[in-house]
1. Glu176 - would you say it is among the acidic types (Asp, Glu), assigned to a helix (DSSP H, G or I) and either over 30 Å from Ile406 (Cβ atoms) or in the same structural domain as Asp461 (by TED's automatic domain parsing) (or both)?
2. Looking at the structure I just gave you, is Lys477 surrounded by 11 or more Cβ atoms within 10 Å (Cβ to Cβ), closer than 30 Å to Asp126 by Cα, more than 16 Å from the ligand (Cβ to nearest atom) and of a type outside the set (Val, Ile, Thr)?
3. Scanning for something part of a loop (DSSP other than H, G, I, E, B) and open to solvent by 40 Å² or more (accessible area, probe 1.4 Å), does the stretch 103-117 turn up at least one residue?
4. Out of the stretch 347-359, which residues are buried (at least 19 other Cβ atoms within 10 Å of the Cβ) and either part of a loop (DSSP other than H, G, I, E, B) or in the same structural domain as Phe151 (by TED's automatic domain parsing) (or both)?
5. Give Gly336, Gly241, Gly278, Gly291 a once-over and let me know the one that is at positive phi and over 25 Å from the mean Cα position of the chain (by Cα).
6. Under the condition of being under 20 Å from the mean Cα position of the chain (by Cα) and of a type in the set (Ser, Thr, Tyr), which residue from the stretch 165-210 is farthest from the ligand (Cβ to nearest atom)?
7. State which residue is nearest to Gly363 (Cα to Cα) when the search covers only the stretch 278-295 and only residues that are assigned to a helix (DSSP H, G or I) and in contact with a helix residue (DSSP H, G or I) (Cβ under 9 Å, 6 or more places away or on another chain).
8. Could you check the stretch 396-499 for helices (runs of 4 or more DSSP H) lying wholly inside it with 1 or more residues that are charged (D, E, K, R) and under 22 Å from the mean Cα position of the chain (by Cα)?
Amino acid sequence: MEEIGHYINGQRVPGTSGRFTDVFNPATGEVQAKVALATVEEMNEAVAKAAEAQKAWAATNPQRRARVMMKFGALINEHMDELAELVSREHGKTLPDGRGDVQRGLEVVEVCMGAPSLLKGEFTDDGGPGIDLYSMRQPLGVVAGITPFNFPAMIPLWKMAPALSCGNAMILKPSERCPSTSMRLAELLTEAGLPEGVLQVVNGDKEAVDAILDNETIQAVGFVGSTPIAQYIYGRAATNGKRAQCFGGAKNHMIIMPDADMDKAADALVGAGFGAAGERCMAISVAVPVGQETADALVERLVPRIEKLKVGPYTSGDDVDYGPVITAQAKARIEGLVESGVAQGAELVVDGRGFSLQGYEDGFFVGPSFFDKVTPEMDIYKEEIFGPVLSQVRTDSYEEALNLVIDNPYGNGTAIFTADGDTARDFAHRVNVGMVGINFPIPVPLSYHTFGGWKKSAFGDLNQYGPDAFRFYTKTKTVTARWFSGIKDGGEFNFKAMD
Ligand code: NAD
């Protein structure tokens, strides 16, 4: 049985706690590895070493630090297939989706190759008589990243690349469900020239997270995961004087206007609702057609598309649309929510219950379900299902549809499908959600923009990656400087005898 420890000071080390948790192969249900769960002492030791290493790293000029990112980017490309396989092996997503996971992280590394220009300061010449002001961005010191299971490559890369490029050291605490990709990325960073100790991967559970939150050396925490944990981490980090940005869960709606291209809308809904088994924070989980005819037209197109979905292990190749969910508990929770939808009166148009795959009976596969006539009081509407379940809420007007999105407590992503520019523009302007798609179902911004939700989907300030990440991982120092009258008008230039 493989034992996954930690990555400390440029190498893999075993855990010393004696505590482990199982890492499953979600397709077979088998335990494929055990990952060590760090103690407070192990965490504190890793942080102390990181603090030591950070001094020289911060003193390395930004261009040289950026060169490490250039090499790292090249190594990620070289190892793309291997990394994608690591992602799929522990997460269960298909290989093309695993490659996408790595690719969207790599794109943030690419932006960090230009970190020196993002780290440039500001200067005011002659802000007062003989007075200049300048601001510089300095690293925070040791920072921490705490990441979820659902993007084992992308989200750790969103955290580590900007933090390190700014001259910080980082403690990365990946999800205990999918730890291997982070361990491999850390090795590639060492190969790329990152000095030992600047990135420490410490595996663990709540004990390790609390050790991060209570460690006085750690200056900032970047978290991604579910909303209750995001809120908890934000509160405890802030109480302990840390900078914190904590991204949480989602319930993303897609409005379909009567003038939308219905086939394209149906294709988009199937991909965004069921891709990665619905385990994406930007998944569309609620379709909101405007008008009963639109709703009927959508059902007519969605049903055959959903019934055709191929569910299977990533090892089946590119022929599979989505894989298993992450754990047996996740499967049971999703199935429980589907039952609640039936019990609470939603119309189960495509029934994914009782799904079983020959040869993989113990895997955590969940068949695709589609509910029509869902209402906001139902649990399937209120909960983030995080599984292959699409709900349709029928509305009679654009305003009603828009207000449904506005009133939802989450605000990560949303989309509208329409042929009318005016409606699309109105929607983008008025909706209180952080990322908006227009005829685009999963509007994850490119790496030189920024990523972040509103409302209960994010706690704290500033978005992930792009220019905001460079603000989050640096602090600003502003100097006001005056030089009194100097040699140019008060000095003595003639050579004088010493009499
Ligand atoms: P999770 O909240 O269970 O875990 C996230 C991290 O927190 C993990 O590293 C885990 O070890 C740690 N953790 C879990 N319970 C903890 C506790 N009680 N105390 C301290 N730490 C704890 O989330 P998950 O199941 O891994 O990921 C899925 C969730 O993440 C979904 O809600 C999804 O929407 C969200 N997500 C959000 C974004 C975003 O950018 N907004 C992106 C991806 C995923």
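The values are calculated or read from the model by the stated rules, or taken from the named source; none is laboratory data. Because the structure is a prediction, the values reported are computed rather than measured. Cβ: placed from backbone, ideal geometry, glycine included. Neighbour counts: every protein chain shown. The area values use the complete protein model at the heavy-atom level, side chains included, leaving out ligands, DNA and RNA. Shrake-Rupley method; radii C 1.70, N 1.55, O 1.52, S 1.80 Å.
1. When the stated conditions are applied, Glu176 does not pass them.
2. Against the criterion (surrounded by 11 or more Cβ atoms within 10 Å (Cβ to Cβ), closer than 30 Å to Asp126 by Cα, more than 16 Å from the ligand (Cβ to nearest atom) and of a type outside the set (Val, Ile, Thr)), Lys477 qualifies.
3. Going residue by residue through the stretch 103-117, those that are part of a loop (DSSP other than H, G, I, E, B) are 113-114.
Still in the list and also open to solvent by 40 Å² or more (accessible area, probe 1.4 Å): 113.
Yes, the stretch 103-117 contains at least one residue that is part of a loop (DSSP other than H, G, I, E, B) and open to solvent by 40 Å² or more (accessible area, probe 1.4 Å).
4. Gly352
5. Gly291
6. That would be Ser165.
7. Checking each candidate, the answer is Gly278.
8. 466-472
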